[in-house]
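For reference, the structure is listed below as structure tokens.
The values are calculated or read from the model by the stated rules, or taken from the named source; none is laboratory data. Note that this is a predicted model, so its numbers are computed, not measured. Heads up, the Cβs are rebuilt from the backbone with ideal geometry, glycines too, and the neighbour counts pull from every protein chain shown. In case anyone asks, the SASA skips ligands and DNA or RNA and just uses the protein heavy atoms, side chains included. Shrake-Rupley method; radii C 1.70, N 1.55, O 1.52, S 1.80 Å.
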Amino acid sequence: MTIGATRSVVPARPAFSRRGAALAAGFLAAALLLRVTTARLSANLLPAALRDFLTLSISVVVESLPFVILGILFSALVQVWLPPGLLLRLLPRRGVLRRASVSGLGVVMPVCECGNVPLARGFVLGGMGVPETITFLLAAPLLNPVTIVTTYQAFGWGNDILVGRILGGFLIANVVGWIFSRHAAPTELLTPAFNESCRTHGGHDDEPRWVRSVDVFSRETTAVLPALFIGSAVAGAIQVGVPRSVLVAIGANPLWSVLVLMLLAFVVAICSNVDAFFALALGSSFMPGAIVAFLVFGAMVDVKMVALLRTTFTTRAVLDLTVLVMLSTLVLGLGVNLVA
């Protein structure tokens, strides 16, 4: 991808987006209003389903928001503070080695899957190819040192769950990245709006870096936070509408157990840094392959991530990505069940 070659100077614009500030102010105002108006109300005044929906949705936001902010800060670092082209020059030129190296970036950037989206947007704006960026998005949450440590604490070396998660996730990320590298025009995988951002990126290099950093932070916050809120609400609604007991009740079969836990991972949308402890509670009821599938699939794609990915990729690209990861994870889960 030759984003850098197509850069152009754009007309002057405000130092930072007012929409981002308005969005943050609106969210804080809504939270304060809700807190003030409900402070003296009994929780029982709300229907149980609504309470569950609010609790589940807000918990996903609270769990994800720090990592999203961290990812946006990393994105600003990549876009503004790193010398142009430095990261690309350090990566191998050959596709296989390049994707493998990009996978390893998760080791030095301990951000969960939510925070990786703004960081990946920064990579694309900095000139990284779309297939390599997809490989990073899929691999980084699993090679994140925090994820590795928490998975080890939950499962140790037992039943090959830790090994299956790391190696399986690495292989899936690289295979899916290779498949997308065969696309005739990878930039068509991006939304028109983000493609336009790629073309105009870099037109304000004469401004101070701190001003550009604030602009990047504001722009990425405006793009990502609404998707996070919508995805969290959808995750909360699905969990209220589909009792978890139904999913667990049909999880004894080697095939169905993998499918059920993949579906559960997609629905509950737990951060990859802490999902191992959630999966630990399922370890006595489900086969090891199902646990690995839960830990791999949920870290790559869930209902919240689909909303976040749509800020950058077209609907068709997100659908293809989801299907490829789902099929690959299914094969991984069944394989672990055969050997574990």
Does ARG219 satisfy being charged (D, E, K, R), within 17 Å of VAL117 (Cα to Cα) and either open to solvent by 40 Å² or more (accessible area, probe 1.4 Å) or at pLDDT 90 or above (or both)? yes
Does the stretch 280-301 hold any residues that are open to solvent by 10 Å² or more (accessible area, probe 1.4 Å) and not in a helix (DSSP H, G or I), and which are they? ALA281, LEU282, GLY283, SER284, SER285, PHE286, MET287
Condition first: under 21 Å from ARG199 (Cα atoms), part of a helix (DSSP H, G or I) and in contact with a Phe, Trp or Tyr (Cβ under 9 Å, 6 or more places away or on another chain). Can you find one or more residues in the stretch 46-63 that meet it? no
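Residue-wise test of (1) within 17 Å of the chain's Cα centre (by Cα); (2) among the small types (Gly, Ala, Ser); (3) open to solvent by 10 Å² or more (accessible area, probe 1.4 Å).
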site	(1), (2), (3)
ARG99	no, no, yes
LEU119	yes, no, no
MET128	no, no, no
ALA139	yes, yes, no
Any chance GLY169 is in contact with a Pro (Cβ under 6 Å, 6 or more places away or on another chain) and either over 21 Å from LEU309 (Cα atoms) or part of a helix (DSSP H, G or I) (or both): no
Just the residues that are more than 30 Å from ASN144 (Cβ to Cβ), among the aliphatic types (A, V, I, L, M), at pLDDT below 65 and open to solvent by 80 Å² or more (accessible area, probe 1.4 Å), please, taken from the stretch 22-80. LEU32, LEU34, VAL36, LEU41, LEU45
Scan the stretch 121-141 and report the pairs whose first residue is without any contact (Cβ under 8 Å) to a residue 40 or more places away in the chain and farther than 16 Å from LEU82 by Cβ and whose second residue is open to solvent by less than 10 Å² (accessible area, probe 1.4 Å) and among the hydroxyl-bearing types (Ser, Thr, Tyr), with Cβ atoms within less than 9 Å and a gap of 6+ or a chain change. ALA139/SER103; ALA140/SER103
Of the candidates VAL211, VAL224, VAL175, the one satisfying the condition of being open to solvent by 60 Å² or more (accessible area, probe 1.4 Å), touching a residue at least 40 places away in the same chain (Cβ under 8 Å) and among the aliphatic types (A, V, I, L, M) is VAL175
Output for the stretch 311-338, where each listed residue is touching a Gly at 6+ places or on another chain (Cβ under 9 Å), in contact (Cβ under 8 Å) with a residue 60 or more places away in the chain and surrounded by fewer than 22 Cβ atoms within 10 Å (Cβ to Cβ): LEU334, ASN337
Hey, does the stretch 293-300 have a residue that's out of contact with any Leu (no Cβ under 7 Å at 6 or more places or on another chain) and under 24 Å from VAL124 (Cα atoms)? yes
